[in-house]
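The values are calculated or read from the model by the stated rules, or taken from the named source; none is laboratory data. Keep in mind it's a predicted model, so treat the numbers as computed, not measured. Heads up, the Cβs are rebuilt from the backbone with ideal geometry, glycines too, and the neighbour counts pull from every protein chain shown. Each accessible area value is taken on the protein alone, full model and side chains, heavy atoms only, with ligands, DNA and RNA left out. Shrake-Rupley method; radii C 1.70, N 1.55, O 1.52, S 1.80 Å.
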Amino acid sequence: MSALRKKFGDDYQIVTTSSSSSGFNQPAQEKKRKRQRFVDKNGRCNVQHGNLGGETSRYLSDLFTTLVDLKWRWNLFIFILTYTVAWLFMASMWWVIAYIRGDLNRAHDDKYTPCVANVYNFPSAFLFFIETEATIGYGYRYITDKCPEGIILFLFQSILGSIVDAFLIGCMFIKMSQPKKRAETLMFSEHAAISMRDGKLTLMFRVGNLRNSHMVSAQIRCKLLKSRQTPEGEFLPLDQLELDVGFSTGADQLFLVSPLTICHVIDSKSPFYELSQRSMQTEQFEIVVILEGIVETTGMTCQARTSYTEDEVLWGHRFYPVISLEEGFFKVDYSQFHATFEVPTPPYSVKEQEEALLISSPLAAPSLCNSGEKNNSLDCLELLEDAEGSAKLPTKLQRMTGRDGLPRKLLRMSSTTSEMTYSLGDLPMKLQRISSVPGVSDEKQVSKAAKMANEPISKSVADLPPKLQRLAGGGTGSGGRMDGHLPPKLRKMNSDRFT
């Protein structure tokens, strides 16, 4: 198999055969090409760096991170090797001092004071170093004050031992406390699904947390990896596009206590705007999901990854519910975590659905006539004509409007004039009340308003009821108007108004 990989690469083909109980070989199964993934289902990235040249020295500049990133077998090997070499080196230094001073030949002389007591060969020098480094202190071997070089070597041994312990033990501690294993208890659904949700075509997948400890500040992101060619002719084999999973609404911030269904609404801004059930059979893409959060127990950032290829996206499916209410708590059934079921879903893309809606109802197209703006039907028709690239409305629409023979500018002017005619803001209050009576047609209102507008508004007090005449003071000295008791200035203003 390894030779086959070397010859044909990773995209090799596998042919399997099976034999029946009667001994005859069954026909070979259909050849299936292996799908090359950028990110595996377990989150491992299939990327290898090669031809680094002289850039490999950068790994030594950050030696601590390099050791942490190594596999466990290499970490253990370096740990044991470093301590073994350090111990042998320091034991050799103590043996050399004893050899130069002649302590090895006079070790059993009671009248002689050696540099280190009871060190007379290399094993005894090694034991003295271990006792000193590990602070065991049996009391049998000890350094004397007659050896200044031994005191200097003892200080160097203490400093070097502290550095080695801090480096290697710290490396092993970080290696063991890495939150990579925390990602093993974060689950992703095996498949993604596309179906209708809230009246919109939506891409969905499910995430879950198997532990009771929470993921603090959990956030999810999605990337679409797809090859494309730019208008300039440049080919991009792994072009990364962002999939909006709630960034604008805050839905990407997860409270990951129970399994959640992550949704990406397919609209005009989505990379799947033109994706349909038929085109999925020829498309090649990969959806990379990245879940990040802080581990509650250690406070370290954890990242879990997975991916979905085009053959792992199910069209017209929905996930089974996994949460049920029990007595006093909510129960999560993880046996149905990956299960889906089929639901009625249109096989067309969002673009095809919008085009079909535009053809069936052109005047109600939301992209052309914005309901939030106060545009009349003529402006909507003009926008529709500009979008379709035609200079003339269809015959049916022309008959509906009844203005097919007039230019657009005149139609706008006439519509403005008619709106001004039906406006009641400039009429007196009495005329406005008359015009607002229900059941009266618009033509009667306009004719009556015009007739009353031409009549003089100056009414005499004699035409009023007796009660109103008494309230007005019955003043007739000033032409019968209701201003007999007004100040001279107001009477003059009224006379100027009615004359």
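Quick look at the numbers
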item: Which listed residue, of Glu274, Glu286, Glu242, Glu232, is surrounded by fewer than 17 Cβ atoms within 10 Å (Cβ to Cβ), acidic (Asp, Glu) and in contact (Cβ under 8 Å) with a residue 40 or more places away in the chain; result: Glu274
item: Count - residues of the range 66-102 that are touching a helix residue (DSSP H, G or I) at 6+ places or on another chain (Cβ under 8 Å) and part of a loop (DSSP other than H, G, I, E, B); result: 1
item: Ser324 closer than 20 Å to Met187 by Cα and not in a strand (DSSP E or B); result: no
item: Qualifying residue in the range 128-144 (condition: on the phi > 0 side of the Ramachandran plot, within 56 Å of the chain's Cα centre (by Cα) and of a type outside the set (Gly, Ala, Ser)); result: yes
item: Of all residues making up the range 221-235, the number that are closer than 14 Å to Glu286 by Cα and either outside any strand (DSSP E or B) or not basic (Lys, Arg) (or both); result: 4
item: Among the candidates Ser227, Ser217, Ser189, Ser195, residue that is within 19 Å of the chain's Cα centre (by Cα) and either open to solvent by 90 Å² or more (accessible area, probe 1.4 Å) or more than 21 Å from Thr301 (Cβ to Cβ) (or both); result: Ser189
item: Filter pass, Met204 being open to solvent by less than 50 Å² (accessible area, probe 1.4 Å), over 30 Å from Phe64 (Cβ atoms) and not aromatic (Phe, Trp, Tyr); result: yes
item: Single match in Tyr59, Tyr112 (criterion: more than 18 Å from Asp165 (Cβ to Cβ) and part of a loop (DSSP other than H, G, I, E, B)); result: Tyr112
item: Some residue of the range 324-333 being open to solvent by 40 Å² or more (accessible area, probe 1.4 Å), of a type in the set (Phe, Trp, Tyr), on the phi < 0 side of the Ramachandran plot and free of Cβ contacts under 8 Å to residues at least 12 places away in the same chain; result: yes
item: Count of the range 275-292 residues which are touching an Asp or Glu at 6+ places or on another chain (Cβ under 8 Å) and within 18 Å of Gly316 (Cβ to Cβ); result: 4
item: Wholly enclosed strands (runs of 3 or more DSSP E) of the range 160-213 bearing at least 3 residues touching a Pro at 6+ places or on another chain (Cβ under 9 Å) and either closer than 24 Å to Ala251 by Cα or touching a residue at least 40 places away in the same chain (Cβ under 8 Å) (or both); result: 200-209
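So that you can scan it fast, the table gives a plain yes or no per residue for (1) modelled with pLDDT under 50; (2) among the acidic types (Asp, Glu); (3) open to solvent by less than 60 Å² (accessible area, probe 1.4 Å); (4) farther than 30 Å from Leu186 by Cα:
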residue	(1), (2), (3), (4)
Phe8	yes, no, no, yes
Val15	yes, no, no, yes
Gly23	yes, no, yes, yes
Ala28	yes, no, no, yes
Lys31	yes, no, no, yes
Asn42	no, no, no, no
Val47	no, no, no, no
Glu55	no, yes, no, yes
Phe64	no, no, no, no
